[in-house]
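Read through the structure below, which is laid out as C-alpha cells, and then see the notes.
What follows is calculated from the coordinates using simple rules that are stated; it is not laboratory data. Quick caveat, the model's predicted, so the values are computed rather than measured. In this analysis, Cβ positions are derived from the backbone assuming ideal geometry, glycine residues included, and neighbour counts consider all displayed protein chains.
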Amino acid sequence: MKEKNVNATLMVHCGGQEVARERLAGTETPPATATWHPIPHDVLLREVEEALGMNHLRVTAERHALAREGDRYFGLLQVANGKEPGDHSWVLGLRNSHDQSFPAGLVVGSRVFVCDNLAFSGEIVIARRHTRWILRDLPRLVLGGVGQLAGRWHSQEERFARYRATPVADRDAHDLMIRALDARAVTMAQVPEVLRHWRRPEHPEFRDRSAWSLFNAFTSAVGAGSVWLVARRTQVLHGVFDSHCGLVGGQDTDVTEHAAPSARAA
C-alpha cells in the first residue's frame, strides 16, 4: 500500500498544483512539429514505473504536480527494494514539458524518514530532448538509469555511514557552512535556518555532533523549493560533505557548474 505523501514540506514545483496521477492522462499533448516531438506526461511516468518493476523495485509513495496549465509536469516517486533501509529511501524526481521549456528528465535522490528531508547525489541524471526519436530512446535511457539504483543502494549506505561516523565540532560546522555558501549550495538567507537546525535539532537522531546531523540541518533548510532546485543544491552539498568526510572523489562544486544544462530549473 502506498503512502499518501513523499514529502509534506517539499514543493514539487514552485507555482505548480498538486494533482492525482489520473489527471496526467487527461492532459492534452500538443501536436509534433518537424523538430519537436512532445510526449504525454503519463508516458514518462509509465516508462519509469515499468523500469522499476523490471529491476524488482517498487513505488511506495508518489506525488505529482502540473504547472502552466498542464504544460509542465513534475513528479516524485519514493522507491523501496524489498527491504527498506533503516532511515532513508530512494526518491526519483521526474519532469516533462509541453512548452519546450526543458527536456523529459529523471533525477535520483534520497529521503530521510525521520525529518522528511530530500537530498540528491546527482549520480543518476537522465534528460532527453523532445526530438524525433524520443519515444524510441526513452525506454532504453530510463531502464539504464533505473538499473543503476540497486547497485548504488550499498554505496549510498556507505556514504551516510561515513557521515554518521565523522565528528563535527562547531568550528568545523561553521567552516562547512562557509564552503557550502561559497559553492552556492545554500543562500545567505538560509544560513540562519541551517544554524538553527544544527544548534537545536528537532529530532533526537540528530543530536550527535556529526556530519550526518549537520547534513540534515542543511537539507532541512534548503528543502522548501522545487525538486529540481533542491536537487542541484544537495548535489553540491554531497560534494562538500564527501570531501570533509574523506570519501574518494568528494569535491566542492559550484551549483551553477555542477548542474547540467538539461537539469536547469524552469
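I need the calculated FRET efficiency for the pair Trp36 and Glu202, taking r as the beta carbon distance and R₀ as 30 Å, to the nearest 0.05.
Computed FRET efficiency for Trp36 and Glu202: 0.05.
I want to check the label-to-label distance for Arg129 and Glu22. Put each point 7 Å from Cα in the C-beta direction and report it in nm to one decimal.
Here the answer is 3.8 nm between the modelled labels.
At 7 Å along Cα-to-Cβ for each site, give me the label-to-label distance between Leu143 and Arg184 in nm.
3.7
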